[in-house]
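Accompanying notes for the structure given below.
Any read-out appearing in this document is the output of simple, stated calculations on the displayed coordinates, not a laboratory observation. In this text the structure is predicted, and so the values were computed from the model without any measurement. In this analysis, Cβ positions are derived from the backbone assuming ideal geometry, glycine residues included, and neighbour counts consider all displayed protein chains.
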Amino acid sequence: MRIIGIDPGTGILGFGVIDANGAKTTLVTAGVIRTPAHTPLPERLSEIYDGLTEIIKETSPEIMAIEKLFFAQNVTTAMSVAHARGVAMLTGKQADLQIEEYTPLQIKQTMTGYGRADKKQMQEMVRLQLGLSEVPKPDDCADALAAAIMCAFIRRT
């Protein structure tokens, strides 16, 4: 099964596509969609939509695994991330993907066995799970891959 993981964000949206066959997960592609900081929000969301639509078209995933919104202390940032998350979910739904949502805590717990794991621990587990020689960069990309790997794990258990 092919899974696209999404780490939502308006400035940087991370994505990672994996193939999951039994206990084996392999990287298909991963990266980020960046939008310029001082661009009006509707234009940024349109760029996210267009970029994600193209990635889905090129990779043909069956499932989208997306991080649930973690409400940070900065309400403005949380609202911005919520906009990007909504656009990502709409894009997935329009592509007829099944959408799975996971909290950061669930992803960390599944990936490392510890719900308060730090970024380095998470990145290393993503690297190991996918058999990569280096940790995926930037962080947003690794976080998206972690969501996809979690979905694969949940599907096989």
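Tabulated values for the structure
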read-out: Straight-distance crosslink candidates among lysines, where the alpha carbon sits under 25 Å from K120 and sequence neighbours closer than 8 are dropped; value: K24, K68, K108, K137
read-out: Packing-based exposure ordering (other Cβ within 10 Å, fewest first) of Y114, Y49, Y102; value: Y114, Y49, Y102
read-out: Charge context of A142, other residues only, Cβ under 9 angstrom, K/R +1, D/E -1; value: -1
read-out: Alpha carbon centroid spacing (whole Å) that separates the stretch 19-77 from the stretch 89-116; value: 12 Å
read-out: DSSP-defined antiparallel bridges as percent of all bridges, the chain, nearest 5; value: 65 percent
read-out: Dipole of the stretch 2-156, positive end: most advanced residue of A88, T10, M122 [Cβ charges, Cα centre]; value: M122
read-out: Three-way shape label, the stretch 1-129, alpha-carbon gyration tensor, a/c 1.5; value: oblate
read-out: Contact order relative to length of the chain, as percent, for alpha carbon pairs under 8 angstrom and 6 or more apart; value: 33 percent
read-out: Helix 139-156 axis, angle to the chain major axis (alpha carbon atoms, nearest 10°); value: 50 degrees
read-out: Electrostatic dipole magnitude of the stretch 2-156 [Cβ: Lys, Arg +1; Asp, Glu -1; Cα centre; debye, to 20]; value: 400 debye
